[in-house]
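What follows is a set of notes on a single structure, which appears directly below.
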Amino acid sequence: MHTVKCFECGADVEDEFADACPRCGGILTIEMDLDAASGMRPADLRKKPIGVWRYAPFLPVDERNAISLLEGGTPLYHCKALGKKAGVKSLHVKYEGANPTGSFKDRGMTVGVSRALELGCKTVGCASTGNTSASLAAYAAKGDLKCVVLLPNGKVAAGKLAQAMFYGAKVVMVDGNFDDALNVVKTLSREGELYLLNSINPYRPEGQKTVAFEIVDQLDFDVPDRVILPVGNAANIWAVYKAFKEWKALGWVDKVPKLTGIQAAGSAPIVRAFQAGKRDFVPEEHPETVATAIRIGNPASGKKALQAIYDTNGYAESVTDEEIVAAQKLLGRTEGVGVEPASAASVAGLLKLVDTGVISKDERVVCICTGNVLKDPDTVMRSCEEILKAKPTAEDVKRVIAK
Ligand code: AN7
């Protein structure tokens, strides 16, 4: 059982299709009734394979209705070499690139699309910087739903665009950025054209909570000191926060890690709000960054993100495009872990915050790396060494590789 509520004024929201509080316009959230779980022990969960639906007692959709591609259950890599370079006690990377469509969005989408079917919807839609559209397109295909995705023209990485097209979504390029596209899709939803599956739909973050459950599960309930993740539209950091709060309420974990959100310098409204000690933020009019996934100026869940950060004694920091690309390569070449630029922001943030003394050397840190390196081949090709060319002889190959 669960209740949809307004995050801001606390009102109960009856309208199952509302994308905001009918009373105050605030962002929605879900209050889970944890009674079913309260008689359980954490070990009871392990009767099921690791993955999103292992945590069904914490999800607001009946598992029997689940549209699933076996999402979640992603590796938690112990990155000893990179942890040493960064200068922290331990470093793990939660590799969300291993999800069915290559990003963490699948965790929310299995729940969101299952919800759409419970409500009898025929068409689903979203605005997206790329990964949400790739994920929604796949789950809509599995659920036999029509799918419409609105993308910022020219600013979506090739892999993501190809996925949305491949799974059969109607792909619409909008002249404008993500924030503009989200406004349009909200109007379409209010006109009944589609069921909105952006993360302002509170069912999405409920699925995304499972990344935090898995981290704790994989660390055998030894909660890390800090979790670092990239922030774009700002729902994922909220989801992680909510997960820890729920398990803390049950006494399954004894503390909540310091949640640390990283934004790209050209797109950092949450960081600026944090630096000013504010609980609300001023949107960035013209967001710009190589990490196109988080090229978002008006994060819909920004207030939720700020609560997650303040309430856990966490932090918010920005990193430059150069720092992002350098961290992406460092992670790949030190640990063999390939992530897209937005995901590398978490690692870039770690390096910067150790340098500035915000993160202390005795911390055990988990970086959530949200998407696969294959999502954005163009950025990788631009940042790597030139491809060598040779005649088809061993001699010539030896010549070029010796350089
Ligand atoms: C790889 O796909 O917003 O802070 O439309 O793709 O929860 O928004 C993507 C966001 C981080 C930010 N890393 O998460 C979209 C979209 C990757 C992402 C984020 C995104 P939120």
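The values are calculated or read from the model by the stated rules, or taken from the named source; none is laboratory data. Please read all numbers here as calculations on a predicted model, not as lab measurements. Cβ: placed from backbone, ideal geometry, glycine included. Neighbour counts: every protein chain shown. What goes into the accessible areas is simple: the full protein's heavy atoms, side chains included, and nothing from ligands, DNA or RNA. Shrake-Rupley method; radii C 1.70, N 1.55, O 1.52, S 1.80 Å.
Odds and ends about this structure:
- Compared with the direct C-alpha span, the chain from Asp15 to Ser38 gains 5.4 nm at full extension, assuming 0.36 nm per residue.
- With all protein chains in place and a 1.4 Å probe, the accessible surface of the stretch 1-134 carries 51 percent carbon and sulfur.
- Residues in the stretch 273-293 reached by a label modelled at Tyr310 [backbone nitrogen below 12 Å; 7 Å Cα→Cβ]: 273-281
- DSSP bridge pairs, the chain: antiparallel proportion in percent, nearest 5: 25 percent
- Ranked by how many other beta carbons lie within 10 Å on average, peptides 161-167, 235-241 from highest: 235-241, 161-167
- If you wrap the tightest convex hull around every Cα atom of the stretch 63-170 and split its volume per residue, you get 119 Å³.
- A simple packing score, the average count of other Cβ atoms within 10 Å per residue, orders the peptides 371-383, 209-221 as 209-221, 371-383, with the highest score first.
- Full extension of the chain segment joining Lys122 with Arg279 gains 52.8 nm, where the gain is 0.36 nm per residue of separation less the Cα-Cα distance.
- What the phi angles of the stretch 257-270 give under the Karplus curve with 6.51, -1.76 and 1.60, with θ = phi - 60°, is a coupling list of x, 5, 8, 10, x, 10, 10, 6, 4, x, 7, 10, x, 6 Hz, glycine and proline written as x.
- Solvent-accessible area assigned to carbon and sulfur over the stretch 301-403 amounts to 55 percent, based on a 1.4 Å probe.
- Extending 7 Å from the Cα toward the beta-carbon at both Asp220 and Asn65 defines two label points whose distance is 3.9 nm.
- The slack between Arg272 and Lys248, meaning 0.36 nm per residue of separation minus the straight C-alpha distance, is 5.7 nm.
- Taking every protein chain into account, the accessible area of the stretch 133-267 amounts to 32 square angstrom per residue (probe 1.4 Å).
- Nitroxide proxy distance, nm - points 7 Å out along Cα→Cβ at Lys146 and His2: 2.7 nm
- Close amide-amide hydrogen proximity is noted between Glu340 and Gly371, Asn372, Val373, each under 5 Å apart and 5 or more residues distant or on a separate chain (H modeled in the peptide plane; Pro and chain starts excluded).
- When peptides 244-251, 394-401 are ranked by their average number of other Cβ atoms within 10 Å per residue, the highest-first order is 244-251, 394-401.
- Simple spin-label estimate for Met165 and Lys80 gives 4.4 nm between the two label positions (7 Å along the Cα-to-Cβ direction from each Cα).
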